[in-house]
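Just below is one structure, and these are the notes that go with it.
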Amino acid sequence: MERLHPRIRVVWAVGALLTGLVLGAVLAAVLALPFDRPASTAVAAGGGLGLVVFALGGGFAVLRYRAWRFELQPDALFLERGVLTEVRTVMPFVRVQHVDTQRNPVERILGLSRVVVYTAGSRGADVTIPGLTAERATALREELRTRASEREGGDGV
Amino acid sequence: MSGAGRHLRLHPATIPYRAFSKIVGVVSTLIFVGPAIAGVAAEFALLVVPLGLVAIVAIVGYEVAYFRRFSITLADDALEVSSGVFARQEREIPYRRIQNVDVSRNVVQRLLDIAQVKVETAGGGETEAVLRYVSLADATLLQEELRTRKREATTDTAAGEVPAAETEVLFELDDAGLVRLSLLSIDARLFGGLAAVASIGGPVAAAVLEGVSGVALVAIVVVGAAVLGVALWGLGAAATFLQYYGFRLTRVDDDLRYERGLLQRYDGTIPLEKIQAFAVEEHVLMRRFGFAALAVQTAGYAPGQGPAGGSEAAVPLATRRQVIDLAARIDPDVPFSDGMRDAFDRPPVRARRRYTVRYGLVALALVGVGAAVSAFLQPWPWYVMVALVALAPVAGRASHRNRGWRLGDAFVVTENGFWKRTTHAVPYDRVQTVIDRRTLFQRRWGLATVYADTASSMSLAGQDPAAVDVPLEDVDGLRSSLAARVFEAVRAASRGRI
């Protein structure tokens, strides 16, 4: 089974950092203004919250990385992921409608991409594989498109 | 646009019908705004009436132009619709892509003998063409013409040689059935209504009942809630009656045709090949009397857009036996049968314990809320609610007994739900992805859930076809077996196509 690129943990940690900053700032603002605490307390509390969120998020990123695996099986794309809730998805190639690659600014800086696979489903309408290098993402996308078009069974709609 | 072919126009009554609501809107706005303007500057008050007249003339003029510039053409290969007064729109819908032709009429439209026609194509959440409004005769003609021309286009039959439709009435709801259906209809919105009234009326009632306490208070609250419940149920029954009046399900060639409604009349089609799944639905009261409903799920409507949001009632109410027979008449391979529940795999015993614990926690939480209300707001005998905890094992068993799954020959069948038990049958060649999901709590109990995802657009609150709380030791096997059967069905379908 293939794993994601280790740098994805950095992407997720950056997300946690940003969330921590925002939440810490909000807490500091709430303490300082409506509740009228001295600035030092507010900043300390906000900073503390931000650190906690970042630490938790960072730890979670590591666990998430460990849980993520995927594989191109003979008839389907198989994914395994999730920390609190484990999800395993079998996506038959014939059901693949189209495949995109995407990356946000953080991913771009770190040289990573995502592959998004679309089906006609409702609950599993699309599936995202994060943490791939640009070359691997392009190669995977082409591989999926080839396997999807090879199978003429129809999209089951 | 070829311009050749059969032409149709909108019905002239469209002009007053469309103009009316707009005029009413303008006039009522002026009536509200007029006095305010008069208060500010009396001179402007004089303008209100001429303004109103100008607006009315403009609206009527627009609707006349809309009527005159709306053209419908049945060309050789496609339905062509040109519409719009200022922004013109020309739409061409090839016959072979047409999936549904739905005709609907409300009371006023029935009086004027006009109807709205919606023509839908496959795979989209958007209705492709809406004709507001043609004469009822033209609407019926369009339904028949589009059916014929689609048949010609998709099966290479020569023009004019398409045989008359093979029709077979599958189910008709008689008066007794309609009354039964209305009485048995329990809408989830009923509880929402109860909660809403309770939250608004609660403080009012608390003020009114200021001096009353103890048993008398509880009695008044209970009786009040019961009266309210009956009233809301009555409303629900009336709504159901209006919705399903004159329900009829017919097979027309390869389509299912359903008609229903008293005030608002619906007439829609479901192509058999677009059926994603079947569902036998039995809520608690229906089960008690041996009744059930049959629903078919389709793709092609975005959630909430079709008359019933992607799940249409094929049989709103009949005996369980009739429902099963009807499903078989629509698709002989559907594995519904009287004894099917005995053949299901069911969640293990520990799942029942899990449900009991879950309901016990909910009951304890409710008791806590009751105690808090008693302590801080209004003293009342909250300890009565402790009795709820005793119901937890009962609820747990009920949940457990109404879950099951089976991998049949051509379908995967799943059953879930106590208040409304839904038995889904999904053909393997309609399964999109297979999802194996294990929450933290499920893993603790050694359980997992397997979903068979389809393209049928269910509302968010709708249940999915899922084998819930499968033992962990079996889940990998179930997932693989289901996936293998899907691959096999896909291969068989592609062989059939060659």
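The values are calculated or read from the model by the stated rules, or taken from the named source; none is laboratory data. Owing to the predicted nature of the structure, the values given are computational and were not obtained by experimental measurement. Cβ sites come from the backbone with ideal geometry, for glycine too, and all protein chains shown count toward neighbours. These area figures cover heavy atoms from the full protein model, side chains too; ligands, DNA and RNA do not enter into them. Shrake-Rupley method; radii C 1.70, N 1.55, O 1.52, S 1.80 Å.
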Practice task
Show the residues, 5+ positions off or on another chain, whose built amide H is closer than 5 Å to the amide H of B:Thr454.
Solution key: A:Ser122, A:Arg123, B:Gln432
Practice task
Two decimals is fine: what's Rg over Rh for the range B:264-399, C-alpha atoms, Kirkwood radius as Rh?
Solution key: 1.14
Exercise for the section: Along each of the three principal axes of the Cα atoms of the range B:18-71, give the extent in whole Å, ordering the values from largest to smallest. Expected result: 47, 16, 10
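For chain B, how big is the tail of P(r) above 39 Å, as a whole percent of Cα pairs? Present the calculation step by step, with values, prior to reporting the outcome.
On the way: 52485 of 123753 pairs.
When all Cα pairs of chain B are counted, 42 percent exceed 39 Å.
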Handout entry: Percent of alpha-carbon pairs separated by more than 25 Å within the range B:188-300
Key = 48 percent
Completion exercise
Rounded to the nearest 500, the 222 nm mean residue ellipticity computed for chain A from DSSP H runs (n ≥ 4, each -39500 (n - 2.57)) alone is -16500 deg cm²/dmol
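Taking all protein chains together and a probe of 1.4 Å, list B:Tyr266, A:Tyr65, B:Tyr95 from the most accessible to the least accessible.
B:Tyr266, A:Tyr65, B:Tyr95
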Problem - Estimated dipole of the range B:358-463 in Debye, rounded to 20 [Cβ of Lys and Arg +1, of Asp and Glu -1, Cα centre] - result: 260 debye
Handout entry: For B:Ala277, residues with placed amide H under 5 Å, excluding near neighbours
Key = B:Gln297
Handout entry: Cα-only radius of gyration and Dmax that characterise the range A:37-77, units Å
Key = 19.4, 64
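Looking at the protein assembly as shown, what % of the alpha carbon pairs are farther apart than 51 Å?
So the portion of pairs separated by more than 51 Å is 27 percent.
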Practice task
Take the Cα pairs of the range B:62-140, get the Kirkwood Rh, then feed it into Stokes-Einstein at 10 °C and 1.306 mPa s and tell me D in µm²/s.
Solution key: 119 µm²/s
Exercise for the section: Work out how much length B:Tyr383 to B:Arg6 would gain on full extension: take 0.36 nm times their residue separation and subtract the Cα-Cα distance, in nm to one decimal. Expected result: 128.2 nm
Completion exercise
The set of residues whose placed amide H lies less than 5 Å from the amide H of B:Arg132, leaving out same-chain residues fewer than 5 positions away, is none
Practice task
Evaluate the Debye formula for the range A:24-157 with equal point scatterers sitting on the alpha carbons, no solvent, and hand back log10 of I(q)/I(0) at q = 0.12 Å⁻¹, in q order, two decimals.
Solution key: -0.63
Completion exercise
Rounded to the nearest 10 Å², the 1.4 Å probe accessible area of B:Met286 is 10 Å²
Exercise for the section: Have a look at A:Ala134, A:Ala120, A:Ala13 and tell me which one the Gaussian network model of chain A (Cα, springs below 10 Å) gives the largest fluctuation. Expected result: A:Ala120
Handout entry: Using θ = phi - 60° and Karplus 6.51 cos²θ - 1.76 cosθ + 1.60, couplings along the range B:348-364 (whole Hz; Gly, Pro as x)
Key = x, 4, 5, 5, 4, 4, 4, 5, 4, 4, 4, 5, x, 5, 4, 4, 4
Practice task
May I ask you to derive the FRET efficiency for B:Thr29 and B:Arg69 from their Cβ-Cβ distance with R0 = 25 Å, giving the value to the nearest 0.05?
Solution key: 0.40
Exercise for the section: Could you tell me what fraction of 2.2 N^0.38 Å the Cα radius of gyration of the range B:411-496 comes to, as a two-decimal ratio? Expected result: 1.15
Handout entry: Cα centre as origin, Lys/Arg/Asp/Glu Cβ charges: the range A:36-157 dipole, Debye
Key = 300 debye
Exercise for the section: May I ask you to evaluate 6.51 cos²θ - 1.76 cosθ + 1.60, the Karplus curve with θ = phi - 60°, for each residue of the range B:259-270 and list the ³J(HN,Hα) values in order in whole Hz, giving x for glycine and proline? Expected result: 10, 6, x, 9, 7, 10, 9, 9, 9, x, 10, 10
Practice task
Taking the dipole about the Cα centre of the protein assembly as shown, with the C-beta of Lys and Arg at +1 and of Asp and Glu at -1, give me whichever of B:Leu361, A:Ala120, B:Phe291 is farthest to the positive side.
Solution key: B:Leu361
Completion exercise
Residue-ordered couplings for the range A:114-130, obtained by feeding phi - 60° into the Karplus form 6.51 cos²θ - 1.76 cosθ + 1.60 and rounding to whole Hz (Gly and Pro as x), are 10, 10, 10, 10, 10, 10, 8, x, 9, 6, x, 4, 9, 10, 10, 10, x
Problem - Of B:Leu53, A:Val11, A:Phe93, farthest towards positive along the dipole that unit charges on Lys, Arg, Asp, Glu beta carbons give the protein assembly as shown - result: A:Val11
Completion exercise
Each label sits 7 Å from Cα toward the beta-carbon; between B:Ala36 and B:Arg353 the label points are separated, in nm, by 6.6 nm
Problem - Of the DSSP H helices in chain A, those whose Cα atoms cover at least 27 Å axially and whose Kyte score averages 1.6 or more - result: A:8-32
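With the Cα gyration tensor of the range B:346-498 giving a ≥ b ≥ c as the square roots of its eigenvalues, does the rule (a/c under 1.5 for rounded; else a/b larger than b/c for prolate; else oblate) give rounded, prolate or oblate?
Prolate shape, in that a/c is at least 1.5 and a/b is the bigger ratio.
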Problem - Accessible surface, 1.4 Å probe, highest first, among residues B:Trp419, B:Trp382 - result: B:Trp419, B:Trp382
Completion exercise
Farthest towards the positive end of the dipole of chain B, among B:Pro12, B:Ala164, B:Val208 and with Cβ unit charges of +1 on Lys and Arg and -1 on Asp and Glu, lies the Cα of B:Val208
Exercise for the section: Could you give the size of the charge dipole of the protein assembly as shown about its Cα centre, using +1 on the Cβ of each K and R and -1 on the Cβ of each D and E, expressed in debye and rounded to the nearest 20? Expected result: 1980 debye
Practice task
Enumerate lysine pairs in chain B that are 8 or more residues apart or on different chains, then count those whose Cα atoms are under 28 Å apart.
Solution key: 5
